[in-house]
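Note sheet for the following structure.
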Amino acid sequence: MAIGIRSSAFENGQAIPRKYSGEGEDASPSLSWGDVPGEARQLALICDDPDAPGEEPWVHWVIYNIPPGVRELPEAIKPDERPAEPTQAAQGENSWGRIGYGGPMPPPGHGTHHYHFRLYATSAEPSLEPGLSKRQLLDAIGDTVLDEGELVGTYER
């Protein structure tokens with residue numbers, strides 16, 4: 001069973017509003033979900049853009065240690081290592097080398113880019129330190145992923 005993830009800001013497969021982009025307020029969109037396995041110990045979310053130039057997808061957001069009872073991320077989470085909401089969560093480093101969310105900002109004229117918001121339910125203890133990269137997080141939770149879900153938004157400049 002996949003985790004159902006959605007946003008009040010955009011529908012799956014649809015455009016992400018400018019407000020949530022690097023051209024706008026660069027605010028993280030609100031996200032919500034259901035169907036988390038009962039044995040989950042933490043949730044982790046990664047947002048990346050596989051359409052970005054380069055060998056690896058461009059990482060826009062890494063947030064983890066989210067308590068399994070949490071069912072949403074509010075809009076505009078501050079770019080702090082340990083944000084106030086959700087409590088106990090930690091944020092990692094995006095491809096700009098900053099902590100927290102960085103909104104869509106594809107090269108002008110590069111066409112439509114797809115932004116994959118992937119939520120992972122894991123059996124790993126929520127004790128990971130802030131500042132992890134996408135790769136470090138995936139390595140840390142790799143064998144403990146119980147289920148996942150995905151929401152895709154698009155953006156073009």
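The values are calculated or read from the model by the stated rules, or taken from the named source; none is laboratory data. Predicted model only: the values in this text are computed from it and were never measured. All Cβ positions, glycine included, derive from the backbone under ideal geometry; neighbour counts span all protein chains shown.
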Q. What is the number of the single condition among (1) farther than 19 Å from residue 30 by Cβ; (2) at pLDDT 95 or above; (3) not small (Gly, Ala, Ser) that residue 83 does not meet?
A. (1)
Q.
Just checking, does the stretch 126-136 include any residue being in a strand (DSSP E or B) and touching a helix residue (DSSP H, G or I) at 6+ places or on another chain (Cβ under 9 Å)?
A. no
(Q) With the structure loaded, tell me whether residue 118 is of a type in the set (Lys, Arg), modelled with pLDDT of 95 or more and part of a loop (DSSP other than H, G, I, E, B) or whether it fails that test. (A) no
Q. Can you find a residue in the stretch 113-128 that is of a type in the set (Gly, Ala, Ser) and under 20 Å from residue 18 (Cα atoms)?
A. no
Q: Just give me the residues in the stretch 55-112 being within 19 Å of residue 132 (Cβ to Cβ), of a type in the set (D, E, K, R) and not in a loop (DSSP other than H, G, I, E, B), in sequence order.
A: 93
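Could you check the stretch 93-139 and list, in sequence order, the residues that are of a type in the set (Lys, Arg) and surrounded by 15 or more Cβ atoms within 10 Å (Cβ to Cβ)?
Scanning the stretch 93-139 gives 118, 134.
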Q. Among (1) more than 12 Å from the chain's Cα centre (by Cα); (2) farther than 21 Å from residue 140 by Cα; (3) hydroxyl-bearing (Ser, Thr, Tyr); (4) surrounded by fewer than 21 Cβ atoms within 10 Å (Cβ to Cβ), where does residue 32 come up short?
A. (1)
Q.
Restricting to the stretch 61-102, name every residue that is farther than 19 Å from residue 33 by Cα and β-branched (Val, Ile, Thr).
A. 99
Q) Out of the residues in the stretch 129-156 that are touching a residue at least 12 places away in the same chain (Cβ under 8 Å) and acidic (Asp, Glu), which is farthest from residue 100 (Cα to Cα)? A) 147
Q) Which of the residues belonging to the stretch 60-92 are within 25 Å of residue 112 (Cα to Cα) and surrounded by fewer than 21 Cβ atoms within 10 Å (Cβ to Cβ)? A) 75, 76
Q. How many of the residues making up the stretch 26-54 are in a strand (DSSP E or B), without any contact (Cβ under 8 Å) to a residue 60 or more places away in the chain and in contact with a Leu (Cβ under 9 Å, 6 or more places away or on another chain)?
A. 1
Q) Restricting attention to the stretch 8-20, does a residue exist that is closer than 25 Å to residue 141 by Cα, free of Cβ contacts under 8 Å to residues at least 60 places away in the same chain and loosely packed, with under 15 Cβ neighbours inside 10 Å? A) no
